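One structure below.
The values are calculated or read from the model by the stated rules, or taken from the named source; none is laboratory data. Values in this document were obtained by computation on a predicted structure and should not be read as measured data. Positions of Cβ are generated from backbone atoms using ideal geometry, with glycine treated the same way; all protein chains shown enter the neighbour counts.
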Amino acid sequence: MTEKRSTAGAPSGSAPYDRLTPDLLLDAIESLGLRCDGRLLALNSFENRVYQVWLEDGTVMVAKFYRPDRWSDAQILEEHEYTTELAEREIPVVAPLRYGETTLHAHERYRFALYPRRGGRAPEFDQPGVLEWVGRFVGRIHALGATRPFATRPRLDIAAFGDEPREWLLAHDLVPADLLAAWRGAIDQALEAVRNAFDEAGAVSSLRLHGDCHPGNILWTDAGPHFVDFDDARTGPAIQDLWMLLSGDAAAMSRQLADVLAGYEDFIELDRRELRLIEPLRTLRLIHYSAWIARRWNDPAFPAAFPWFGGQRYWQDRILELREQIAAISEAPPVA
């Protein structure tokens, strides 16, 4: 079939969730022997489809329907095993519920999992003790994550988050022709700077990560933080789960890092060489992000949420962003 193109220049075709109607969703949940009362509430999620679901007995659950063809069954189950193992050690993560012999279920073309509902608010990192508290639990997650590697889930590395997205964007002609030379020059210089930084850091260890440990995936209650959405769990350097907790200039990040590590290193030590990887990892995330949006343009949620994607201004901003990252990589990293 000839690949269509959207106005943003990204490939489009059949929408991945075009058949996930409310009736199909409720039928899927009831296939596990549960009885829904018909109420659904869509929750904020782009990669997957996530709903709050009410049952006839008054229970409220969260149903997560996985994006087709993104992960294999084995990769999803490995994530489930990891979060279940964390929860069994009383680490505050939201793990999937088991029905029958498994936590992963299928109905028609969709795979899904059910979770207990856990509310909370965004953590206030500027409040005393919050970063240390979060760091303590990230340390516990990493202490378990370091005990053995993932068998099927991929690595977070330059090839997966830098080289491959670059090649994909070029292959699909997404960058406007008049900006292509500038973008290629910026991304190639950025990736060279990233490689040099990884070489300077040396052979740092890798472990099982949350993978997307930004503040939006940490919910805060009076009892403290709990961690949600391990969908991007991968093998990689520990600093990947820490740098997204930091913000501001170098002095501010150094203060925040000291608070995080005050809790983190109660459970596992951070190799200080990994601090050199903060800006390189941020750069890889930015490169990966453009390709992530473009690959999903056939999902109607993406053009609605990212109407600015793909235009002249978008790629001009990405060129500037990459040049800023090249400069940031050359600077001294935060110190704790």
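Scan the stretch 37-60 for residues that are farther than 27 Å from TRP292 by Cβ and in contact with a Phe, Trp or Tyr (Cβ under 7 Å, 6 or more places away or on another chain) and jot them down.
ASP37, ARG39, VAL60
Looking at the stretch 191-222 only, could you name the residues that are more than 23 Å from the chain's Cα centre (by Cα) and either surrounded by 19 or more Cβ atoms within 10 Å (Cβ to Cβ) or part of a loop (DSSP other than H, G, I, E, B) (or both)?
Taking the stretch 191-222 and keeping what is more than 23 Å from the chain's Cα centre (by Cα), we get 192-193, 196, 199-203, 222.
Answer for the stretch 191-222, where residues must be more than 23 Å from the chain's Cα centre (by Cα) and either surrounded by 19 or more Cβ atoms within 10 Å (Cβ to Cβ) or part of a loop (DSSP other than H, G, I, E, B) (or both): ALA193, ALA201, GLY202, ALA203, ASP222.
What single numbered condition from (1) surrounded by fewer than 20 Cβ atoms within 10 Å (Cβ to Cβ); (2) within 17 Å of GLY236 (Cβ to Cβ) fails to hold for GLN312?
Result: GLN312 passes all but (2).
Can you pull out the residues in the stretch 252-288 that are among the polar types (S, T, N, Q) and touching a helix residue (DSSP H, G or I) at 6+ places or on another chain (Cβ under 7 Å)?
Within the stretch 252-288, GLN256, THR283 meet the criteria.
What is the one condition in (1) touching a strand residue (DSSP E or B) at 6+ places or on another chain (Cβ under 6 Å); (2) assigned to a loop (DSSP other than H, G, I, E, B); (3) surrounded by 19 or more Cβ atoms within 10 Å (Cβ to Cβ) that ALA95 does not satisfy?
Looking at each condition in turn, ALA95 falls short on (1).
Need a quick list: strands (runs of 3 or more DSSP E) entirely within the stretch 1-85 having at least 2 residues that are at pLDDT 95 or above, surrounded by fewer than 16 Cβ atoms within 10 Å (Cβ to Cβ) and not assigned by TED's automatic domain parsing to the domain that holds PRO307.
In the stretch 1-85, the matching strands (runs of 3 or more DSSP E) lie at 36-43, 49-55.
Considering only residues of the stretch 303-336 that are basic (Lys, Arg) and touching a helix residue (DSSP H, G or I) at 6+ places or on another chain (Cβ under 7 Å), which is farthest from GLU47 (Cα to Cα)?
Here the residue is ARG323.
Check LEU245, LEU261, LEU207 and return the single one that is at pLDDT 95 or above, out of contact with any Gly (no Cβ under 7 Å at 6 or more places or on another chain) and either assigned by TED's automatic domain parsing to the domain that holds GLU88 or aliphatic (A, V, I, L, M) (or both).
Testing whether each residue is at pLDDT 95 or above, out of contact with any Gly (no Cβ under 7 Å at 6 or more places or on another chain) and either assigned by TED's automatic domain parsing to the domain that holds GLU88 or aliphatic (A, V, I, L, M) (or both) leaves just LEU245.
Take GLU78 and tell me if it is out of contact with any helix residue (DSSP H, G or I) (no Cβ under 7 Å at 6 or more places or on another chain) and within 22 Å of TRP292 (Cβ to Cβ).
In short, yes.
I'd like the residue in the stretch 115-143 that is without any contact (Cβ under 8 Å) to a residue 60 or more places away in the chain and either surrounded by 14 or more Cβ atoms within 10 Å (Cβ to Cβ) or among the acidic types (Asp, Glu) (or both) and, out of all such residues, is farthest from LEU207 (Cα to Cα).
Only one residue tops the list, namely ASP126.
Does ASP188 satisfy the criteria of being exposed (fewer than 15 other Cβ atoms within 10 Å of the Cβ), under 24 Å from TYR115 (Cβ atoms) and without any contact (Cβ under 8 Å) to a residue 24 or more places away in the chain?
Working: exposed (fewer than 15 other Cβ atoms within 10 Å of the Cβ): yes; under 24 Å from TYR115 (Cβ atoms): no; without any contact (Cβ under 8 Å) to a residue 24 or more places away in the chain: yes.
So ASP188 does not fit the description; no.
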